[in-house]
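The values are calculated or read from the model by the stated rules, or taken from the named source; none is laboratory data. Keep in mind it's a predicted model, so treat the numbers as computed, not measured. With ideal geometry, Cβ positions are generated from the backbone for all residues, glycine too; neighbour counts draw on all protein chains shown. The area values use the complete protein model at the heavy-atom level, side chains included, leaving out ligands, DNA and RNA. Shrake-Rupley method; radii C 1.70, N 1.55, O 1.52, S 1.80 Å.
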There are 2 protein chains.
Amino acid sequence: MGESIRGLKRTHHCGDLRKDNVGEEVTIMGWVQRRRDLGGLIFIDLRDRSGLVQVVFNPEDNQEVFTKAEKLRSEYVVAIEGQVQERPQKNPNLATGEIEVHAKYLRILDEAKTPPIYIQDDLDVNEDLRLKYRYLDLRRPVMQKNLILRHRVTMLVRKYLDRMGFLEIETPILTRSTPEGARDYLVPSRVHPGKFFALPQSPQIFKQILMASGLERYFQIARCFRDEDLRADRQPEFTQIDIEMSFVTQEDVMEMMEEMIIEVFSGVGLSVFHPFPRMTYDDAMNYYGSDKPDIRFDMKLVDISHLVKDVDFKVFANTVKNGGQVKGIRVEGCANFSRKEIDELTKYVAIYGAKGLAWIALKEDGIKSPIAKFFKEEELDAIIKEMGGKTGDLLLFVADSPQVVAASLGALRLKLGKELGLIPEDKFQFVWITDFPLVEYDEEEGRYVSLHHPFTHPVEEDIPLLETDPLKVRAQAYDLVLNGVELGGGSIRIHNSELQRKVFKMLSLTEEEINDKFGFLLEAFQYGTPPHGGIAFGLDRMVMLMAGCDTIRDVIAFPKTASATDLMTNAPSDVSKEQLDELHINLQK
Amino acid sequence: MGESIRGLKRTHHCGDLRKDNVGEEVTIMGWVQRRRDLGGLIFIDLRDRSGLVQVVFNPEDNQEVFTKAEKLRSEYVVAIEGQVQERPQKNPNLATGEIEVHAKYLRILDEAKTPPIYIQDDLDVNEDLRLKYRYLDLRRPVMQKNLILRHRVTMLVRKYLDRMGFLEIETPILTRSTPEGARDYLVPSRVHPGKFFALPQSPQIFKQILMASGLERYFQIARCFRDEDLRADRQPEFTQIDIEMSFVTQEDVMEMMEEMIIEVFSGVGLSVFHPFPRMTYDDAMNYYGSDKPDIRFDMKLVDISHLVKDVDFKVFANTVKNGGQVKGIRVEGCANFSRKEIDELTKYVAIYGAKGLAWIALKEDGIKSPIAKFFKEEELDAIIKEMGGKTGDLLLFVADSPQVVAASLGALRLKLGKELGLIPEDKFQFVWITDFPLVEYDEEEGRYVSLHHPFTHPVEEDIPLLETDPLKVRAQAYDLVLNGVELGGGSIRIHNSELQRKVFKMLSLTEEEINDKFGFLLEAFQYGTPPHGGIAFGLDRMVMLMAGCDTIRDVIAFPKTASATDLMTNAPSDVSKEQLDELHINLQK
């Protein structure tokens, strides 16, 4: 079914016209991308969602139409009737480059002021300007391509899940504070003075309730909200592919999801290596210093603690003796890094808390290293051997607590991988991370905190350890990592109210907090709840990686700035005293 | 891909087992619907999302399993291995009624307390109890059927729109106050003290911005929010199928949408009469007293004003002389309504402001009517003829202002249609309503108000009337009505900033309000915006009508009560002083 404007019926989209259409009378509608006057003719590139086509106005064909065309400026919206003709000079860079449309009729549908930003893919302007004029920014083909990709991805996700018997079920946006641990957005209630709704950080509890309801397979492409400081690439609202299944083990969920990811990626023309490799949390931390390892390149972290625990070099030996680690990475062929370059790397690891960066350069003309003198030759040989060092390599070491070693060397590995061009940019390398610990100890809060969330089911045989050695308890949890980005995380959930209560208590929730926040969930668990588990994927991140963008803002139609402002609409904004009174609140002075 | 629980792999769903499966060893999982002990055997009905199947435990097959089965109670969650066998006594009322499963293995996955409500379709309990234990309520097959239907409807909508080149694009939930005229839900900003986001009443402005962005065809199954008093069947948050297209006329949108509705309804097995009839707003008001007429039955309103303007019966004559109307409906074969019945009807129309209900009963033995004596015989004959009255009919009349006549007789028509069984309940009768006035005059507010919204484009040739006679201006607007319920409404939008400004001013918005609230939209319109239009359908209502439910709460997984409370989670709830401080607000005393 087509489009029409008072007597004109659109017959084609601009970008679809080809040599096959030569001789046809067409009606096209769109935006003037640019106008050139040349040899007494007017040429315009007409743009619609499908692409560009060249239109020619010739005064000898029709003087009246030509005169009208003289008014055309960039971004005018027009409808044009004309004939498709072969182009004297082909443009091989344009899909429609073999033809042009000779205009016989022109209607100006809307005029346009000169836009403050150019409508072109390679745009070098302040992002704030793009966000303020988002409607112009979204005219750029690259942005339209991103939104089209996002649409296709969600269609493919839905198609797959529907076929697998999942039901998309909407859960409330006006709800109760959820326990993801981030700050909630709150909505004052007018009907219930002093009370507030919270916007959901995720539909976690509702999807578990749906399993208690016997719906068995649920999904939702769900909006979620976190009132966090928007460091890094976060948005106050984001979208999650949220999934839950009953009567399943971890294996069932992972298998179902791996199939989905493969189908979705290949559905948009991206090839994916599969089956996805799997890695335990411990291995990920040991070899990559991260629970979201980028395994597109090697350069693993190597533990040399056992080799240095008794050496004379006290920095290494004492670190190991005090429960720390010494680990290194081998930077292939970089023995000739300058002192200045190494100083830069040292500054870089300092960001992650490392107090220093030891190095050994295996030069053609021998070992160069400020620390070599502290080692016996056989000690040095053993270290180089353990590191797999070859002539031409640079070996870099950090000695510190396991956390600092992992964070700093993990980050250094990524930095070097990127700068040395070791990362194949067009490769989509997934990896499942499994066997997470259930909890870690938060020194600052002085209590155990969940690695995933408090609903995660412990590994069955570790349940007795909950009371004796919580840090040893493994979780039935799994993350899917793509190219070093955490794409999704899930777990088998607790479905027994006593076990859930035990875990809440281990996390130092008081009886009152448990009953107030989770009473209804614990009660639901008492009426027959099946074993269940699920996962949630970050849609924004997924599409960002697929599109090859650097920020999720480029795959969200109307994102907010780092200070959570919408520069186009100027939200948030002032409200009236009457509105506040209705909501029973005052502004603080 | 299947489900499994520690060594057990689910092979079938309960409701899928048939005579063909006899002899097969199956593993099924689900909830105990009920247990009966009979003749030394234990029978249970096992329920999952697909339906019920009978399972038999025989102590002679396996004493251990039988002993375990003695523990089973309603709503226990179990996994059962067994063999499908033909049933000695078939149950023709059950899809699986020809077979039963002879249990060889039983695992209790979860126990259950006695549920406070029965898990059965015909449930006669207080709705509040159902909402508090929503997870039990949602176990009822009828509720699951509703959610499955809703899922299928949204899948069909998306499939159709995707095929037609529409892109689903997410618009913000944290946004600026929208101008639908209802009260906004507000969200205090933490980063910007004293400022607030609003939850969208619809994505109206964003979808128009997307048209200005050249996305051409947009849709979204969008959550919308209105902080209204929840009289009737409303929810604080509801879901809308939201659609917008560029380069279109009203006809294009209506054609595209009619195809969609037909495809979606037939996709879930509901047949629809089409092409949909069309009716002007004036005709709808004249003949049905409503802009959402239920045309599944006749009983149209008949105007007899011209026949009674000079009669002696002053109630009629004076009403017409003072600008009012006299209209009637013919209630076929109801001449023998008792005085008491007619009194009831009189009380009913009084709700809608009618001061009385005149009647003429065309009995076998002559006319009976308290007003007949005021008319000459030929006057009475003319009225009866105009009404199409036949022996046995009851004619009912209201004399009042056009508004009161329409409201009261329209409502009376519906009441009688329902009570007399004139409405074919299983028929889906659509009708497009067109040619709405752009504005009406709101006596209370003392200004013109939009019938649809302020972005509606006037009919081109009526634009000059905007300044001279606004009430005469017709809108390029259209509603889709199903069985007397407004299912959707849309319009061609204004895409010119000057025309938009003119309309805002006609609606008595000040220059400041216009610039503050809509400045960015008016600015967007200056950079080349295509003609565009769209529509929005109420998904909740649509599914409600499809499912044959009386309330949208039965097609929403987690609805709120009339006082906007979630009885399951107890939202809204208290928040801490710290949270309020972070948001820079205080509670009013």
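Measuring r between the beta carbons of residue A:303 and residue A:420 and using R0 = 22 Å, the FRET efficiency lands at 0.45.
The mean sequence separation of alpha-carbon pairs under 8 Å and at least six residues apart, normalised by the residue count of chain B, gives a relative contact order of 13 percent.
In the complete set of protein chains, residue-level accessible area for residue B:173 is approximately 10 Å², probe 1.4 angstrom.
Computed with the Debye formula from one identical point scatterer per Cα of the range A:352-461, without solvent, the log10 of I(q)/I(0) at q = 0.15, 0.18 Å⁻¹ comes to -0.92, -1.07.
The spread of Cα positions in chain B, taken along each principal axis and listed from longest to shortest, comes to 93, 76, 55 Å. Of the residues B:299, B:352, B:318, the one whose Cα sits farthest toward the positive end of the charge dipole of the range B:297-423, with +1 on the Cβ of Lys and Arg and -1 on the Cβ of Asp and Glu, is B:352. On the basis of the beta-carbon distance and an R0 of 30 Å, residue A:125 and residue A:228 show a calculated FRET efficiency of 0.65. Dipole orientation for the range A:224-291: of the candidates A:257, A:239, A:287, A:287 has the Cα lying most toward the positive pole (charges on Cβ; Lys, Arg +1; Asp, Glu -1).
The equivalent ellipsoid of the protein assembly as shown has semi-axes of 59, 44, 28 Å, largest first, where each one is the square root of 5 times an eigenvalue of the Cα gyration tensor. In angstrom, the C-alpha Rg and Dmax of the range A:183-294 are 18.5, 55.
Taking a ≥ b ≥ c as the square roots of the eigenvalues of the Cα gyration tensor of the range A:19-110, is the shape rounded (a/c under 1.5), prolate (a/b larger than b/c) or oblate? Rounded. Per residue of peptide A:135-144, the mean number of Cβ atoms on other chains within 10 Å of the residue Cβ is 5. The heavy atoms of residue B:176 offer some 20 square angstrom of accessible surface to a 1.4 angstrom probe. Placing pseudo-labels 7 Å out from each Cα toward the beta carbon at residue A:145 and residue B:318 gives an inter-label distance of 7.7 nm. Compactness check for the range B:297-423: Cα Rg over 2.2 N^0.38 Å is 0.96. Rg and Dmax of the range B:311-380, both derived from C-alpha coordinates alone, stand at 13.0, 36 Å.
For the range B:19-110, the dipole from Cβ point charges (+1 on Lys and Arg, -1 on Asp and Glu) about the Cα centre works out to 360 debye, to the nearest 20. Between residue A:86 and residue B:89, the distance separating the two model label sites (each 7 Å from Cα on the Cα→Cβ line) works out to 8.6 nm. Identify the residues of the range A:383-397 with backbone N under 14 Å of a label point that sits 7 angstrom from the Cα of residue A:336 along the Cα-to-Cβ direction, or state none. The answer is A:392-394. Just to confirm the number: angle between the C-alpha axis of helix B:141-163 and the first principal axis of chain B, 0 to 90 degrees, nearest 10? Its long axis makes an angle of about 60 degrees. Only helices enter the 222 nm calculation for chain B: every DSSP H run of n ≥ 4 contributes -39,500 (n - 2.57), and dividing by all residues gives -8500 deg cm²/dmol, rounded to 500. Projecting the Cα atoms of B:197, B:55, B:7 onto the charge dipole of the protein assembly as shown, computed from C-beta unit charges around the Cα centre, puts B:197 farthest toward the positive end.
Counting only other chain Cβ atoms within 10 Å of each residue's Cβ, the peptide A:465-471 averages 0.
The mean count of C-beta atoms from other chains within 10 Å of the C-beta of residues in A:161-173, rounded to a whole number, is 6.
Centroid-to-centroid, using Cα positions, the range A:230-257 and the range A:501-546 are 13 Å apart. For the range A:1-110, the share of DSSP beta bridges that are antiparallel, to the nearest 5, is 95%. What you get for the protein assembly as shown, charging only the Cβ of Lys and Arg (+1) and of Asp and Glu (-1), is a dipole of about 280 debye around the Cα centre. Label-point spacing at residue B:505 relative to the other copies reads 7.2 nm, in ascending order, each point sitting 7 Å out from Cα along Cα→Cβ.
Each other copy holds its own label point for residue A:59; taking that point as 7 Å from Cα along Cα to Cβ, the gaps run 10.9 nm, nearest first.
When only alpha carbons are used to place a centre, the range B:403-477 and the range A:1-51 end up 39 Å from one another.
For residue A:344 and residue A:376, the difference between the fully extended length at 0.36 nm per residue and the C-alpha to C-alpha distance is 8.7 nm.
Think of each Lys and Arg Cβ as +1 and each Asp and Glu Cβ as -1; about the Cα centre, that makes the dipole of the range A:297-423 roughly 360 debye.
Sorted from closest to farthest, the other copies place their residue A:193 label points 2.6 nm away, with each point set 7 Å from Cα along Cα→Cβ.
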